[in-house]
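Written out below as structure tokens is the structure these notes cover.
Each reported figure results from applying straightforward, stated rules to the coordinates on display, with no laboratory input. These numbers come from a predicted model, not from an experiment. FYI the Cβ positions are ideal-geometry reconstructions off the backbone, even for glycines, and counts take in every protein chain you see.
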Amino acid sequence: MAKRTVVKMPGDGIGKTVLPEAIRVLDAVGFKADYVHADIGWDCWINDGNPLPQATLDLLQQHKLGLFGAITSKPKKEAAKELRPELQDKGYVYYSPIVGLRQKFNLDVCIRPCRSFPGNPLNFVRQAPGGGVDEPRVDAVIFRQNTEGLYAGLEWTNPPEQVRAALATHAKFKAFESVPSEEIAISTRVFTRNACRRIVEAAFKYAKRHGYPSVTICEKPNVLRETSGMMEEMAKEVHADYSDIQLWSTNIDAQMMWLTKNPEDYSVIVAGNMFGDIVSDAFAGLVGGLGFACSANIGDEVAVFEPTHGSAPKYEKLDPPIVNPIAMVLSAAMMLDHVGDTDKAEAIRNAIAAVVEEGRVRSYDMMRISGGPESISKGAASTTQITDAIIARLG
Ligand code: IPM
Ligand code: MG
């Protein structure tokens, strides 16, 4: 297979710790690639007022494949205060560069597998009917629409007159007619038929390829009749081509409740951007939390792979580092799936499964101790030891 070039974007905090670990595993499994570094995140924001530099976009456009670590995000006002003095009050507005990246390249299909590894002490357990505990095997894959919905960025505090006028064409705006504009904040939820179709199609295709019995649309069509309604409608349409797979529908609130009742019943789940964000964290919590949560952001041309954890700045400077690299390594394995190197991807997942099952090398989170300089003396493995253990188990 031709040698590929992968754009590596460590970003902030522990992104810089875990990304090189994933590359060590990729090298060890025999994936032939060159890696080019690209800046993204907080330092770019502070120094240039732009967390997503054009040079990074150009590299992704050129090479099509990206590995992303993590970024620090702060609310608008806090972010503005941290700009270097020369850039203060010049109208720079912070936005999340990973959300920007997804939108820039239309990485509209986000895949977030949440699978429990047997032997992980962080796996969800519940009371068994006859006493004792029961550990359901969780194997849910969340398909999150990644570019629109509440993340479209169409929002205002103190909306301009034209926006007010447009809203006033809707009968429901009567309830807000007497509220002054300065007292109103609006975030719009935009769904398009095309994007709904694409995420639903991607989900059914995946379910078919991997032998999953059902696809569940997790939205809220009883209240959000237009947007969630459109997603459901598209799902019914696409389902016509996949009659051997069941189509289920749950409301996001009820799904959160069923999560701890019968998580083993769900397989492929589809949601809009915000609900996908929520439901993917929720399922991740059942299989070990952020240390295990991987994801793929896939567009027609470009694809970027990232752990869903944040930059955890308090762990960045620890020497040796103690954060769990597994989410990042699993994300790198998703990159291999994407380029068709599925055997290597499987080899990585099997190696992680073996390390987890064996239980000798465990990160502090897996030991249920707090993270800090003392974690290692309490028996936790360092980040590099975990990676070494994974590499040692590669078949
Ligand atoms: C995620 C994260 C991001 C999101 C944040 C960091 C903007 O929570 O990837 O799930 O909301 O999409
Ligand atoms: Mg999230």
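Listed values, structure above:
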| read-out | value |
| --- | --- |
| Inter-probe distance in nm under a simple model that places probes 7 Å from Cα toward Cβ, at Asp343 and Lys378 | 4.3 nm |
| Average Cα contact separation per residue, the stretch 231-334, under 8 Å, 6 or more apart, as relative contact order % | 19 percent |
| Choice from Val93, Val18, Val355 with maximal GNM fluctuation in the chain (Cα, 10 Å cutoff) | Val93 |
| Potential lengthening between Ala165 and Ala128 on full extension [0.36 nm per residue; Cα-Cα distance subtracted] | 7.6 nm |
| Extension gain from Lys3 to Lys90, taking 0.36 nm per residue of separation minus the Cα-Cα distance | 26.9 nm |
| Pair Glu226, Ile186: separation of 7 Å Cα→Cβ label points (nm) | 1.1 nm |
| Spatial extent of the stretch 271-316: Rg and Dmax, with the Cα atoms as the point set, Å | 12.2, 36 |
| Electrostatic dipole magnitude of the chain [Cβ: Lys, Arg +1; Asp, Glu -1; Cα centre; debye, to 20] | 240 debye |
| For Gly288, residues with placed amide H under 5 Å, excluding near neighbours | Phe124 |
| Value of relative contact order over the chain, rounded to a whole percent, pairs C-alpha under 8 Å and six or more apart | 21 percent |
| Where only C-alpha atoms are counted, convex hull volume of the stretch 40-125 per residue in Å³ | 148 Å³ |
| For the stretch 333-340, 3J(HN,Hα) per residue [Karplus equation, 6.51 cos²θ - 1.76 cosθ + 1.60, θ = phi - 60°, Hz, x = Gly/Pro] | 5, 5, 5, 5, 4, 4, 8, x |
| Charge sum, other residues only, whose C-beta stays under 12 Å from Arg368's C-beta, Lys/Arg counted +1 and Asp/Glu -1 | +1 |
| Pairwise FRET efficiency - Asp319 versus Lys32, Cβ, R0 = 30 Å, nearest 0.05 | 0.40 |
| Fewest-first sequence of Val109, Val361 by Cβ atoms within 10 Å of each Cβ | Val361, Val109 |
| Reciprocal of mean inverse Cα separation for the chain (Kirkwood radius, Å) | 22.4 Å |
| Spin-label pair Glu82/Asp48, simplified geometry with 7 Å Cα→Cβ offset, distance in nm | 1.7 nm |
| Note, ³J(HN,Hα) from phi for the stretch 164-179, Karplus 6.51, -1.76, 1.60, rounded to Hz, x at Gly and Pro | 4, 5, 5, 5, 5, 6, 9, 4, 5, 6, 3, 4, 10, 4, 8, 7 |
| Neighbour-count ranking [beta-carbon atoms within 10 angstrom, fewest first] of Phe305, Phe105 | Phe105, Phe305 |
| Under 5 Å, built H, 5+ apart or other chain: amide partners of Val7 | Val36, Leu65, Gly66, Leu67 |
| Choice from Gln62, Gln162, Gln88 with maximal GNM fluctuation in the chain (Cα, 10 Å cutoff) | Gln162 |
